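The values are calculated or read from the model by the stated rules, or taken from the named source; none is laboratory data. The structure displayed is predicted, hence computed values, not measured ones. No Cβ is skipped: glycine too gets one built from the backbone with ideal geometry, and neighbour counts run over all protein chains shown.
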Amino acid sequence: MARNIITGIDVGTNFVKAVIVDTRERNDKGLPKVIGAGMAESRGLRHGYVTNVRDVSESVRKAVSAAEEKAGVKIKKAFVAVGGIGLASTIVTSSIVTSRADAEITSLDVEKLKDQSERDLPHFAKANRRIIYDIPLEFKIDGESSLGNPLGLTGNKVEKKTLFITCLEHHVTDLVAAVNEAGIEVEDIMAAPIAASFVTLNKTQKIAGCVLANIGAETVSIAVFENNIPTSLEVFPIGSTDITNDIALGLRVPLEEAEQIKIGAITGSSFPRKKLEEIISARMSDIFELIEAHLKKIGRNGLLPAGIIITGGGSSLNALDTMAKVALKLPSRIGSIGSIDSRNSFKDTTWAVAFGLCIWGIHAEEGPEIDTSVEFMKNSWKATSRWFKQFLP
């Protein structure tokens with residue numbers, strides 16, 4: 001496969017999506033041209049985690065084949081998103097005493113601080129889990145905040161606040177096994193909410209502070225950004241399928257009809273409009289309460305100037321941005337993938353994760369290689385940090 005071809009695979013609960021880009025052709029924003037996209041119904045997943053490796057593998061194979069047919073290329077490698085309720089984040093603050101007599105902070109001190117941060121990670125945050133990556137949020141030297149990397153500065157004590165994003169070990173292992181079984185080598189793995197941010201958020205929003213909420217079929221994931229980096233990530237076991245179930249019960253209609261009513265494909269006087277709105281509003285209130293509780297937990301409720309940006313399959317619900325604005329007391333809007341050429345067959349944010357993986361993949365060569373083979377991941381796999389290169393305008 002040509003080096004200019006990059007593929008992203010988003011293994012979601014409802015659908016598996018594959019996007020292929022050609023880096024030789026760019027749009028006016030410098031982003032690559034999408035030459036192929038494929039989708040297949042997901043099987044073998046529940047709340048975003050793998051329950052049957054073989055079924056997931058077959059879904060991946062179908063999505064990739066559809067993308068290959070449109071792109072006219074054969075795919076051997078891909079960047080893959082990991083999502084679902086197995087994802088979590090934890091913030092740890094650690095400190096060390098500098099080793100040199102002149103108190104200069106060396107690379108050895110920075111490495112020691114990184115190791116100390118991992119040791120300080122609470123047991124609940126690392127039991128049966130893998131660290132996908134660690135993101136430095138803040139450094140302090142002798143109690144004073146330091147902007148950027150402290151390497152080369154002087155001080156007796158160095159502190160570091162780190163955001164660890166982790167995933168259940170067996171979920172990561174099973175996901176990689178499923179993609180490998182489909183004949184695709186996994187080049188690297190990224191948390192799905194972070195991948196989506198590359199094409200749904202701009203640099204101004206990430207610097208000012210915002211929350212990206214993806215409403216999927218069985219999960220809602222949120223990623224909070226400030227100062228152009230992610231500062232928190234959370235996944236809730238609730239999604240748009242719950243709304244479909246509520247409509248089916250409330251209106252006493254089959255699930256298939258409830259889904260069509262939810263997305264607006266069925267309209268008219270066959271059901272009470274007011275009751276439908278009440279059903280949807282009640283479930284969305286539950287979702288926004290979970291988001292609000294998390295923002296309160298991290299001290300950012302009502303304090304994110306760029307507000308909430310809503311993406312995913314559930315973002316098409318009528319007046320959803322208004323409901324979010326009232327519930328969270330934040331600016332609210334429905335996200336879009338404005339970077340994709342309008343000539344492509346997809347524009348909505350359900351493709352954001354797969355396309356975001358391609359954007360990330362363009363910069364992967366700037367970092368060290370990561371072995372994502374199943375055997376290696378069982379023992380010591382841990383993705384490297386490429387954060388400051390990844391968060392693009």
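So here's what we get for this one:
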{"read-out": "Enumeration of residues in the range 287-321 that are over 24 Å from residue 15 (Cβ atoms) and among the charged types (D, E, K, R)", "value": "289, 292, 296, 297, 300"}
{"read-out": "In the range 98-109, residue farthest from residue 151 (Cα to Cα) [restricted to those that are out of contact with any Leu (no Cβ under 6 Å at 6 or more places or on another chain) and buried (at least 18 other Cβ atoms within 10 Å of the Cβ)]", "value": "98"}
{"read-out": "Every residue from the range 236-267 that is farther than 16 Å from residue 319 by Cβ, within 28 Å of the chain's Cα centre (by Cα) and outside any helix (DSSP H, G or I)", "value": "236, 237, 238, 239"}
{"read-out": "Enumeration of residues in the range 60-85 that are of a type outside the set (A, V, I, L, M, F, W, C), touching a strand residue (DSSP E or B) at 6+ places or on another chain (Cβ under 7 Å) and surrounded by fewer than 23 Cβ atoms within 10 Å (Cβ to Cβ)", "value": "62, 65, 68, 70, 76, 77"}
{"read-out": "So residue 251, is it within 26 Å of residue 352 (Cβ to Cβ), in contact with a Leu (Cβ under 9 Å, 6 or more places away or on another chain) and either of a type outside the set (Lys, Arg) or without any contact (Cβ under 8 Å) to a residue 24 or more places away in the chain (or both)", "value": "no"}
{"read-out": "Selection status of residue 195, modelled with pLDDT of 95 or more, of a type in the set (Gly, Ala, Ser) and surrounded by 21 or more Cβ atoms within 10 Å (Cβ to Cβ)", "value": "no"}
{"read-out": "Residue within the range 30-38 that is without any contact (Cβ under 8 Å) to a residue 12 or more places away in the chain, more than 25 Å from residue 166 (Cβ to Cβ) and outside any strand (DSSP E or B) present", "value": "yes"}
{"read-out": "Candidates 285, 281, 270 - the one that is assigned to a loop (DSSP other than H, G, I, E, B), assigned by TED's automatic domain parsing to the domain that holds residue 240 and polar (S, T, N, Q)", "value": "270"}
{"read-out": "Residue within the range 124-138 that is on the phi < 0 side of the Ramachandran plot, assigned to a loop (DSSP other than H, G, I, E, B) and at pLDDT below 95 present", "value": "yes"}
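Residues are listed down the side, and each one gets a yes or a no for (1) in the same structural domain as residue 136 (by TED's automatic domain parsing); (2) charged (D, E, K, R):
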residue: 155; (1), (2): yes, no
residue: 159; (1), (2): yes, yes
residue: 176; (1), (2): no, no
residue: 181; (1), (2): no, yes
residue: 186; (1), (2): no, no
residue: 189; (1), (2): no, no
residue: 196; (1), (2): no, no
residue: 207; (1), (2): no, no
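Yes/no per residue for (1) within 18 Å of residue 264 (Cα to Cα); (2) in contact with a Gly (Cβ under 6 Å, 6 or more places away or on another chain); (3) modelled with pLDDT under 95; (4) in the same structural domain as residue 38 (by TED's automatic domain parsing):
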residue	(1), (2), (3), (4)
302	no, no, yes, no
305	no, yes, no, no
316	yes, no, yes, no
345	no, no, yes, yes
352	no, no, yes, yes
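Residues are listed down the side, and each one gets a yes or a no for (1) over 22 Å from residue 129 (Cα atoms); (2) in a strand (DSSP E or B):
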position	(1), (2)
17	yes, yes
20	yes, yes
24	yes, yes
58	yes, no
62	yes, no
67	yes, no
74	yes, no
80	no, yes
84	no, no
